[in-house]
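Read through the structure below, which is laid out as structure tokens, and then see the notes.
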């Protein structure tokens, strides 16, 4: 079955540091890939997505590239801010006709001033 | 834009009680689903629906019931609450059943449920 593996957390960075959050997946076919973010006390928001190999999703300074050869979708940001403190989830969209998402465990990012 | 609306946001239940988490979307989305979020486990699919009158089980359906009488609403019922059902519940919707067309799933703000 499908699975998503995220790097272990939590992660603590200083403001303006470079961020990489690793995500790898196992799936059949060509799934769509997503990053969702959950700010403290709030629901999930779509951060970015990519629907085919070599696509790059980007939003709010975050980027992730769909790498089929390494089955990865790592999230990066060049300079994090305190307001980026949140839980980040990598997710895979099932290739079947049921719109099912498979999530990684999530990783908590804390950014210090 | 209301999007996906869940109620209540917080609820405390006693073991054995029943309750319904409400979910409504105003985007005329065909597909709706319920996930639960537990620490260190990400989100797991409970039930989903591909249209009014059609529901199916997800990964962790036991102890939950759903129905889809209208396109807009997809309530989740806890039949006899257990402490293991303490979790954060998210309702979600999307306009189609497939991702290949660029379809995106939209989530509600979550319902924090504690069973004591």
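Computed from the coordinates by the stated procedures, all read-outs in this text should not be read as laboratory data. Computed from a predicted structure; not experimentally measured. Backbone-built Cβ (ideal geometry, glycine too); neighbour counts: all protein chains shown.
Solvent-free Debye calculation, one equal scatterer per alpha-carbon of the protein assembly as shown: log10 I(q)/I(0) at 0.15, 0.17 Å⁻¹ equals -1.00, -1.23.
Of all DSSP beta bridges confined to the stretch B:11-116, the antiparallel ones make up roughly 90%.
Divide the volume of the convex hull around the Cα atoms of the stretch B:10-60 by the residue count and you get 129 Å³ per residue. Inter-chain neighbour count for A:44-54: the average number of beta-carbon atoms from partner chains within 10 Å of each residue's beta-carbon is 3. Per-residue Cβ neighbour counts within 10 Å put B:34, A:35 in the sequence A:35, B:34, beginning with the fewest.
Mean separation of Cα pairs under 8 Å and 6 or more residues apart, divided by the residue count, gives chain B a relative contact order of 35 percent.
With the largest listed first and rounded to whole Å, the semi-axes of the equivalent ellipsoid of the stretch B:40-100 from the Cα gyration tensor are 21, 15, 9.
Each of A:76, A:16 was scored by other Cβ atoms within 10 Å of its Cβ. Listed from fewest to most, they are A:16, A:76. Remark: relative contact order (chain A) = 36 percent; criterion is Cα-Cα distance under 8 angstrom and separation of 6 or more residues. A quarter of the convex hull surface defined by the alpha-carbon atoms of the stretch A:1-69 gives 5.8 nm² as the mean projection. Ranked by how many other Cβ atoms sit within 10 Å of their own Cβ, fewest first, the residues A:72, B:49, A:32 fall in the order A:72, B:49, A:32. All alpha carbon pair distances within chain B were sorted into 5 Å bins beginning at 0; the resulting P(r) in whole percents reads 2, 13, 23, 26, 19, 11, 4, 1, 0.
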